[in-house]
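Input: a single structure, listed below in structure tokens.
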Amino acid sequence: MSSWSANDPSGKPVAGRTAYLILHNTSEVVTPDAEGREILRFPKGGVVFRDGRVLEVGPAAELSRRHPDARPLNAGGKLVTPGLVDCHTHMIFGGNRAAEFQRKLAGESYAAIAASGGGIQSTVNATSAVKDEILEKTLANRLERWRANGCTTVEVKSGYGLAPKREIRLLELMSGAAIRVPVRVHRTALLLHALPAEFEGKREAYVEEVRTTTLTEIHRRGMASAVDVFCDPVAFTVEECRAVLTRAVELGFPVKLHAEQMAHFGGAKLAAELHARSADHLESATAEDWRALGEAGVVGVLLPAAALTLRQRLPEAALVRASGARFAIATDFNPGTAPAQSLMECAALAARLCGFTASELLLAVTWNGAKALGAEAEVGHLTPGAWGDAVMWECETLEELPYWMPAVRPDTVFMRGADLALPAVERRVWP
């Protein structure tokens with residue numbers, strides 16, 4: 001099976017002409033600055049791409065004078081932003097849990113559904129039953145859908161294997177699927193998600209096997225760019241998560257946590273203690289938790305679709321601002337609590353549920369999402385030296401992005417400066 005380093009998902013070639021072009025006649029170009037501190041707006045702006053990277057961004061008239069040899073590409077008066085970054089998905093799985101969703105609507109709790117054989121274990125069983133080639137192709141199709149919705153960088157977590165060998169299988173299949181589609185894929189090993197059926201009554205043995213054998217094998221084979229755990233009353237304790245994550249850090253892995261989702265449990269403070277890349281969910285996090293994340297430089301990742309499905313509250317924008325912590329927004333795409341297939345739709349939800357501004361939301365789905373993946377030096381912005389990943393939207397202003405529902409769709413998506421066809425429009429199929 002084909003693969004490339006989990007730590008360098010950006011190096012694969014893409015179709016299209018990437019050498020030297022200028023995107024002009026935009027309504028505006030909007031991008032975070034290189035440090036992710038502010039949003040830069042260039043009315044009637046332009047972007048110059050060369051050899052796959054951003055060469056310059058600024059007023060289009062000035063750029064055209066400085067780059068007369070660049071191939072011109074007319075944006076038709078549309079808004080241009082960086083490619084979006086979805087920093088939290090569980091995209092590789094089989095089956096669905098639509099029937100469980102109806103049980104949730106009838107008032108049954110997540111824990112009760114899981115105890116009756118539903119929940120994560122039901123998806124594990126369905127995923128195990130799918131042939132490798134079908135699972136890989138399904139993931140590739142989902143990645144293409146994300147790209148068509150403006151996401152040029154996507155994190156994919158394992159987690160629906162549970163048993164060590166099945167988790168490694170999923171990480172292998174991610175690599176094969178990513179080659180099929182021109183999207184930057186970050187593979188994350190979600191190693192404490194739920195207790196496998198075969199380890200029932202043997203929690204200590206399972207955690208120890210994950211901590212030693214599984215982590216060592218994933219590290220040896222370069223199969224993941226980060227390690228994640230589910231720290232929650234329905235999953236694993238703070239101490240169990242600390243045991244796995246401290247070993248991951250010793251091996252050189254960046255770490256992430258599902259934290260404070262179902263109840264306030266201590267995951268956010270563990271994320272701050274370990275200087276994790278991100279703490280994700282945070283529906284039950286306190287103002288103190290958010291301050292700890294901000295002081296430790298940990299990105300807080302909000303997942304509006306999951307909160308909406310489970311009828312949980314998201315934090316108010318004022319609380320997040322006061323904490324000083326960066327926040328990202330992601331789909332959390334999974335079959336149980338977040339069958340959400342549009343990152344921009346999730347941003348539109350966050351605008352309404354939390355009160356974030358359009359500028360804050362763009363930062364949350366670009367630079368901050370990249371920061372949660374350790375990729376902020378190269379993606380999530382259109383400043384000189386960044387990869388030339390951009391989106392030309394079917395609207396004219398930044399403020400329209402969180403305004404329209406259903407979400408605004410891209411007109412054109414660029415990867416490494418290449419204007420790529422959208423298969424939904426041009427019926428183009430990638431190998």
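Miscellaneous remarks
- Label separation (K44 vs T286): 5.4 nm, computed from points 7 Å beyond Cα along the C-beta direction.
- Taking the centroid of alpha carbons for each part, the range 356-378 and the range 207-278 are 23 Å apart.
- Within the straight-line cut-off of under 29 Å between alpha carbons, the lysines reachable from K157 are K12, K104, K131, K137, K165, K202, K256, K269, K371, sequence neighbours fewer than 8 places apart in one chain being disregarded.
- The angle separating the long axis of helix 120-129 from the principal Cα axis of greatest extent in the chain is about 80 degrees.
- Three-way shape label, the range 211-335, alpha-carbon gyration tensor, a/c 1.5: prolate
- Where a label projected 7 Å from the Cα of E239 along Cα→Cβ would reach, residues of the range 185-223 with amide N under 19 Å: 192-193, 195, 201-212
- For a label point 7 Å along the Cα-to-beta-carbon line of R71, residues of the range 390-420 with backbone N under 15 Å: 413-420
- With Cα atoms defining each centre, the range 47-65 and the range 97-140 are spaced 46 Å apart in the structure.
- Tilt relative to the chain, helix 343-354 - C-alpha long axis, 0 to 90 degrees, to 10: 70
- Shape call, the range 98-147: gyration tensor on alpha carbons, a/c limit 1.5: oblate
- Computed from the C-beta positions of V249 and N96 and an R0 of 30 Å, the FRET efficiency is 0.30 to the nearest 0.05.
- Burial order of peptide ranges 88-97, 50-59 (average beta-carbon count within 10 Å, highest first): 88-97, 50-59
- Sorted by Cβ neighbour density within 10 Å, fewest at the top, the residues K137, K157: K137, K157
- Gaussian network model of the chain, Cα within-10 Å springs - most flexible of A226, A111, A75: A111
- Taking 0.36 nm per residue of sequence separation and removing the Cα-Cα distance, the R313/A111 pair yields an extension gain of 70.9 nm.
Computed from the coordinates by the stated procedures, all read-outs in this text should not be read as laboratory data. Just so we're clear, the structure is a prediction, and the values are computed from it rather than from any experiment. Here Cβ is always computed from backbone atoms with ideal geometry, including for glycine, and neighbour counts include all displayed protein chains.
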